[in-house]
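Heads up: the structure comes next, in structure tokens.
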Amino acid sequence: MASLDEVFDLLSKERRRYALYYLEKEEGPVSVEEVAKQVAEWETNGATGTIPADKYERIEVELHHNALPKAAEIEFIEYDPAAEVVEATGTPPEVDAIISVAKVIERPERNP
């Protein structure tokens, strides 16, 4: 099981939190592109049609090279950089509770 310090370190960056919120609601592996699209939408207050291509690309690159590899250090996140897929697998209840509380406080989905 991940230590509390590891979980809080993982949740210390907004982009990683957003990626985790998305992964927690999805069943099975999802592409980095799907995660990036959702993260970009939440970061831009739901304005997906107005996300500049360079901003979206920066989000996808940062997820691919930093956020998702960091998340994969925790045993319940599986990330395959070659296939560009990631998934949450069997999140421990204690960690799920922390992620759920963070999502309620942050409410990224409040954006239209």
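The values are calculated or read from the model by the stated rules, or taken from the named source; none is laboratory data. All values reported here derive from a predicted model rather than from experimental measurement. All Cβ positions, even for glycine, are placed from backbone atoms using ideal geometry, and neighbour counts span all protein chains on display.
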Legend entry - Number of positions in segment 70-83 that are modelled with pLDDT of 95 or more and not hydroxyl-bearing (Ser, Thr, Tyr): 5
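When the residues of segment 52-108 are narrowed to those that are part of a strand (DSSP E or B) and over 11 Å from the mean Cα position of the chain (by Cα), which ends up surrounded by the fewest Cβ atoms within 10 Å (Cβ to Cβ)?
Here is the first cut: in segment 52-108, the ones part of a strand (DSSP E or B) are 77-80, 85-88.
Narrowing further to those that are over 11 Å from the mean Cα position of the chain (by Cα): 78-80, 85.
Numbers: 78: 16, 79: 21, 80: 13, 85: 18.
So, considering only residues that are part of a strand (DSSP E or B) and over 11 Å from the mean Cα position of the chain (by Cα), the one surrounded by the fewest Cβ atoms within 10 Å (Cβ to Cβ) is 80.
Would you call residue 39 crowded, with 19+ Cβ neighbours inside 10 Å and not charged (D, E, K, R)? Quick ask: steps written out before the conclusion?
Values: crowded, with 19+ Cβ neighbours inside 10 Å: yes; not charged (D, E, K, R): yes.
Yes: the conditions hold for residue 39.
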Legend entry - Per-region count, segment 80-106, residues closer than 15 Å to residue 2 by Cβ and hydroxyl-bearing (Ser, Thr, Tyr): 2
Legend entry - Residues of segment 10-37 satisfying the condition of being acidic (Asp, Glu) and touching a residue at least 24 places away in the same chain (Cβ under 8 Å): 14, 24, 26, 33
